[in-house]
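Step one of this worksheet: look at the structure below.
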């Protein structure tokens, strides 16, 4: 089958194109540009690329046109496919029909932790010998790419628990964002979950969910799609997750940390963190199962690990000890507390964090990992939610673990001033909390400031859900150019 992708260079569309190519389809794709890392990756995967959007890219006529959710109704190439009577679909529908059919999807949803938890699940299932397939919106460091076809063999599984017999597992990062301009439903509604995880629920994506109730309804719809024979893994510390889980038809298993105030439900999977370390003692059904030493820091990653344990062991029958051992070899995901380099004694991390909760957890984890020196938090407000005043107050409390905060200009200056995040006010609010902060005018100005202020032993956390104006290479060059 010839499958053509319109807007192929996205973090979800690109890996799906690569996945379909690996499955034997002829795959082409168009986009406005093919910057690294996605452009070179698409070429490496064998996807034929066409720059720009043009109806001529639809010749010869594809069997299926996949239209990305960044496309607007007036996109000339998407419009030509639809008006020309071609078969077209969203990314979510394409994944469901061409990949998930006949398999047992493990779908990871939640405001925070989706990518890391998905990667943990894929790694545990792989180490356990279950040959999972996966599609993840990030690059797991334990794999060569963000996608993989499952092995040819079917299950049953009987290795470690009462899991029902399932087919070949396929791990999907379940995004709650909408599918396409021609169908405004959440992506993860279409992924046919047999095992589902909800890590957390906190109002996000204000451009399509105007209030918390509409956002929670997306998760209600996700949970309702898990069949009775399936399993829902729910984080018991989150009251909104608890509320959603009560409406599930499937069996529900709960996870939490020992420090959580959990009284509403009995958690089956509990972790007791070891103070000052990336370690936790794991209890299953009240019984001690052993200690896990994680390579990824922070209590949020302990929560992610518990969710992965519950889904893989209780959902697919993986032996608990096997799963715990696998988690100890999990190296993380690129752009999630990812140490890029150390230049002139300054550690530089990259992280996707942009929601206040993710910012707070990421900085707390890095401060715990590197207690010496100054932690510089360099934040680019770029998403539709981050650029708005919705989380103005929450951001003021999110940077407390940093010794110095630098804000880049808003990534969406077209937002009305009355709705816009006020960086000047945020700087003042942080100063009132004894946190040194500055709103910078450009990426180049930020690089100049860091090269001047950062000293050996310091840590720089670059926080952005985008390319951040090429700051990564610019900062490295500037630090390397300093006198030894």
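The values are calculated or read from the model by the stated rules, or taken from the named source; none is laboratory data. Quick caveat, the model's predicted, so the values are computed rather than measured. FYI the Cβ positions are ideal-geometry reconstructions off the backbone, even for glycines, and counts take in every protein chain you see.
Screening the range 31-56 for residues that are touching a strand residue (DSSP E or B) at 6+ places or on another chain (Cβ under 8 Å) and in a loop (DSSP other than H, G, I, E, B) and picking the one that is surrounded by the most Cβ atoms within 10 Å (Cβ to Cβ) gives 47.
Of all the residues in the range 434-449, those that are closer than 24 Å to residue 397 by Cβ and assigned to a helix (DSSP H, G or I) number 2.
Per this entry, residue 16 is not counted among residues that are assigned to a strand (DSSP E or B) and under 30 Å from residue 312 (Cα atoms).
Listed by first and then second residue, the pairs with beta-carbon distance under 8 Å, at least 6 apart or on different chains, first residue in the range 266-287 and farther than 19 Å from residue 325 by Cα, second part of a strand (DSSP E or B), are 266/254; 267/254; 267/255; 267/256; 268/253; 268/254; 268/255; 268/284.
Table: residues versus (1) assigned to a strand (DSSP E or B); (2) under 23 Å from residue 353 (Cβ atoms).
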{"position": "249", "(1), (2)": "no, no"}
{"position": "255", "(1), (2)": "yes, yes"}
{"position": "288", "(1), (2)": "yes, no"}
{"position": "297", "(1), (2)": "no, yes"}
{"position": "300", "(1), (2)": "no, yes"}
{"position": "318", "(1), (2)": "no, no"}
{"position": "326", "(1), (2)": "no, no"}
{"position": "330", "(1), (2)": "no, yes"}
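The single residue among 81, 9, 17 that is in contact with a helix residue (DSSP H, G or I) (Cβ under 9 Å, 6 or more places away or on another chain), on the phi < 0 side of the Ramachandran plot, touching a residue at least 60 places away in the same chain (Cβ under 8 Å) and not assigned by TED's automatic domain parsing to the domain that holds residue 148 turns out to be 81. For the criterion of being part of a strand (DSSP E or B) and either out of contact with any helix residue (DSSP H, G or I) (no Cβ under 8 Å at 6 or more places or on another chain) or surrounded by 14 or more Cβ atoms within 10 Å (Cβ to Cβ) (or both), residue 282 passes. The set of residues in the range 107-118 being over 21 Å from residue 242 (Cβ atoms) and at pLDDT 95 or above consists of 118 alone.
Based on this model, can you work out whether residue 195 counts as at pLDDT 95 or above, more than 14 Å from the chain's Cα centre (by Cα) and surrounded by fewer than 21 Cβ atoms within 10 Å (Cβ to Cβ)? Judged against the criteria, residue 195 is not a match. Give the residue that is surrounded by the most Cβ atoms within 10 Å (Cβ to Cβ), with candidates limited to residues of the range 198-238 that are touching a strand residue (DSSP E or B) at 6+ places or on another chain (Cβ under 7 Å) and in a loop (DSSP other than H, G, I, E, B). Restricting to residues being touching a strand residue (DSSP E or B) at 6+ places or on another chain (Cβ under 7 Å) and in a loop (DSSP other than H, G, I, E, B), the top hit is 236.
Checking each residue in the range 183-192 for being at pLDDT below 95 and assigned to a loop (DSSP other than H, G, I, E, B) picks out only 192. For the range 332-350, filtered to residues that are in a strand (DSSP E or B) and modelled with pLDDT under 90, the residue that is surrounded by the fewest Cβ atoms within 10 Å (Cβ to Cβ) is 338.
In the range 146-167, of all residues being at pLDDT 90 or above and closer than 19 Å to residue 117 by Cβ, the one that is surrounded by the most Cβ atoms within 10 Å (Cβ to Cβ) corresponds to 146. Any residue in the range 249-256 that is without any contact (Cβ under 8 Å) to a residue 60 or more places away in the chain, over 18 Å from residue 116 (Cα atoms), outside the structural domain of residue 386 (by TED's automatic domain parsing) and surrounded by fewer than 19 Cβ atoms within 10 Å (Cβ to Cβ)? Taking every residue of the range 249-256 in turn, at least one turns out to be without any contact (Cβ under 8 Å) to a residue 60 or more places away in the chain, over 18 Å from residue 116 (Cα atoms), outside the structural domain of residue 386 (by TED's automatic domain parsing) and surrounded by fewer than 19 Cβ atoms within 10 Å (Cβ to Cβ). Quick check: is even one residue across the range 306-317 surrounded by fewer than 22 Cβ atoms within 10 Å (Cβ to Cβ) and either farther than 26 Å from residue 367 by Cα or in contact (Cβ under 8 Å) with a residue 60 or more places away in the chain (or both)? Taking every residue of the range 306-317 in turn, at least one turns out to be surrounded by fewer than 22 Cβ atoms within 10 Å (Cβ to Cβ) and either farther than 26 Å from residue 367 by Cα or in contact (Cβ under 8 Å) with a residue 60 or more places away in the chain (or both).
Give the residues of the range 94-121 that are more than 14 Å from the chain's Cα centre (by Cα) and either part of a loop (DSSP other than H, G, I, E, B) or touching a residue at least 40 places away in the same chain (Cβ under 8 Å) (or both), sorted by residue number. Within the range 94-121, 94, 95, 96, 98, 99, 100, 101, 102, 103, 104, 105, 106 meet the criteria.
Residues that are assigned to a loop (DSSP other than H, G, I, E, B) and at pLDDT 95 or above within the range 458-484 comprise just one, 458.
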